[in-house]
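Written out below as structure tokens is the structure these notes cover.
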């Protein structure tokens, strides 16, 4: 499988990365080189093979659904590019 | 007195205990060496004040007879580990001046045990790279040079700053992380020892995530013993990481002198690649002979799905990365580039903040996870991963204790040498290391000799799950046979 320019732009948008017109052909070439490389996986017979979901077999650990941490909003927003009254500030989302 | 920076970690520990020098003297010696070595670009942030404060505390503890296991040992920290109040960037512009309000579990355990933080070490942006050339802070220079040449070489990556700093004696050991070979490949390129423990051995909490099912932290150090000492402090169960395993951490240092008598060491025939340099092949052979001479039995083994590990990795790792890196959106931390609406703000922020390699991997990951392609790519790759793991399980079930392989397909290459290569060519650096991440196994790279250009080459030992001890034991046999690496003269100072 290979990607065309339109697909590159669609992927970039899905990934929320702005791309310029000059970047698209480069990205297309690079992405296709990688897709070509992974193409060889098609020759592997995976019939009846379970996909790996847990690297080391272990039971998922669970804990009580209780508050164990928190109470310091000023720490949470300390690194925000823009904040107000311990809220993150973003451009208007709803008109 | 010999230069304090020439000591191994174990020797420094003895010297501190015997009061031959103080933790402050040891720390100062390293801070001075770091200052002179800035041309190597190994550190992206030096923290001398914190280092001296920690060393002073260590001196107090030593005087009071209350020394902890790593008391007064100066270490460097890969910039992928969150360090409380100290800038942590993953060497990406998108994290800008991020100062974590928390400490990673692994580093907090090192400080708990008395270690001293010298600063933050360079790495490939978000650990995506094999040459440390994708860092926003610029490339790291390998302290090793080819015989009779002053051409700059890469230290490998992604933990290039960690490996270079350890080889150049700018710390006694360093933290590192390994997703596809990022501890073992730079260790091999710099004549240092690096171990990627079993998936789940070290907590991933507070480490900038790249590919969560592959990432593991581990140490880089100058000797097998030093790496064993460090791993003991770094490892352990952490309730904050559900994939960290609840098993006791063995005394790894005790395993170092255990030897390999009676062990069965496998040589995987599929690792004998077409076009592999004769020097690598010869070194591999020599490694097998060393282990045999020390009492191990050498057997040929087969890992039939080896060739599919790298392509499967380049689906799984980018897929997980695209999801992990979605958090960098200009809202909660790091860089923000304004836009006319929120989507444009995201797109401009991410376009400006991520480097080329990172964008490429996010886009591949986004593509393979997108509607209609998930089964063909991601699901198939995870099935192949099951087969890769099964290969290892069969070999270990037949009584093999560890597997011996080369660490890298070549020695260190020149800075910028692969700038025009296709991304896939750079990815081939990880051909011997990536299988281990795919199967979650432990792997250690140990320096085993020099090539004809005078550059270090490493051998890799791959172990059973949670059996890092055998790797330390066998690694020590290789280190003893090869002789301790004579580090390069400080041409940079």
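The values are calculated or read from the model by the stated rules, or taken from the named source; none is laboratory data. None of these values were measured; they are calculated from a predicted model. Please note: Cβ atoms are built from the backbone with ideal geometry, for glycine as well, and neighbour counts cover all protein chains shown.
So the values come out like this:
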| quantity | calculated |
| --- | --- |
| Some residue of the range B:97-118 being crowded, with 23+ Cβ neighbours inside 10 Å, more than 30 Å from residue B:24 (Cα to Cα) and over 12 Å from the mean Cα position of the chain (by Cα) | no |
| Residue among B:86, B:77 that alone is in contact (Cβ under 8 Å) with a residue 12 or more places away in the chain, within 25 Å of the chain's Cα centre (by Cα) and crowded, with 21+ Cβ neighbours inside 10 Å | B:77 |
| Which numbered condition residue B:342 fails, given (1) free of Cβ contacts under 8 Å to residues at least 12 places away in the same chain; (2) closer than 18 Å to residue B:134 by Cα | (2) |
| Some residue of the range B:32-51 being buried (at least 17 other Cβ atoms within 10 Å of the Cβ) and without any contact (Cβ under 8 Å) to a residue 12 or more places away in the chain | no |
| Residues of the range B:481-493 satisfying the condition of being within 12 Å of residue B:291 (Cβ to Cβ) and either surrounded by 19 or more Cβ atoms within 10 Å (Cβ to Cβ) or without any contact (Cβ under 8 Å) to a residue 40 or more places away in the chain (or both) | B:482 |
| Check on residue B:367, buried (at least 24 other Cβ atoms within 10 Å of the Cβ) and free of Cβ contacts under 8 Å to residues at least 40 places away in the same chain | yes |
| The lone exception for residue B:434 - which of (1) closer than 26 Å to residue A:35 by Cβ; (2) out of contact with any helix residue (DSSP H, G or I) (no Cβ under 7 Å at 6 or more places or on another chain) it fails | (2) |
| Residues being facing chain B (nearest Cβ under 9 Å) and part of a loop (DSSP other than H, G, I, E, B) - total across the range A:83-95 | 5 |
| Residue count, the range B:78-93 (criterion: within 20 Å of residue B:324 (Cα to Cα) and not in a loop (DSSP other than H, G, I, E, B)) | 4 |
| Whichever residue in the range A:2-25 is closer than 22 Å to residue B:426 by Cβ, assigned to a loop (DSSP other than H, G, I, E, B) and in contact (Cβ under 8 Å) with a residue 12 or more places away in the chain and, among such residues, is nearest to the other protein chains (Cβ to nearest Cβ) | A:3 |
| Selection within the range B:259-280 - free of Cβ contacts under 8 Å to residues at least 24 places away in the same chain and either farther than 21 Å from residue B:430 by Cβ or assigned to a helix (DSSP H, G or I) (or both) | B:278 |
| Meets criteria (within 11 Å of another protein chain (Cβ to nearest Cβ), free of Cβ contacts under 8 Å to residues at least 40 places away in the same chain and either buried (at least 17 other Cβ atoms within 10 Å of the Cβ) or under 24 Å from residue B:295 (Cα atoms) (or both)) for residue B:427 | no |
| Residue list for the range A:26-82, filter: facing another protein chain (nearest Cβ under 7 Å), more than 23 Å from the chain's Cα centre (by Cα) and closer than 24 Å to residue B:360 by Cβ | A:40 |
| Only listed residue being in a helix (DSSP H, G or I), facing another protein chain (nearest Cβ under 7 Å) and out of contact with any strand residue (DSSP E or B) (no Cβ under 6 Å at 6 or more places or on another chain), chosen from B:351, B:326 | B:351 |
| Residue among B:344, B:300, B:320, B:289 that alone is in a helix (DSSP H, G or I), over 30 Å from residue A:81 (Cβ atoms) and either out of contact with any strand residue (DSSP E or B) (no Cβ under 7 Å at 6 or more places or on another chain) or at pLDDT 95 or above (or both) | B:289 |
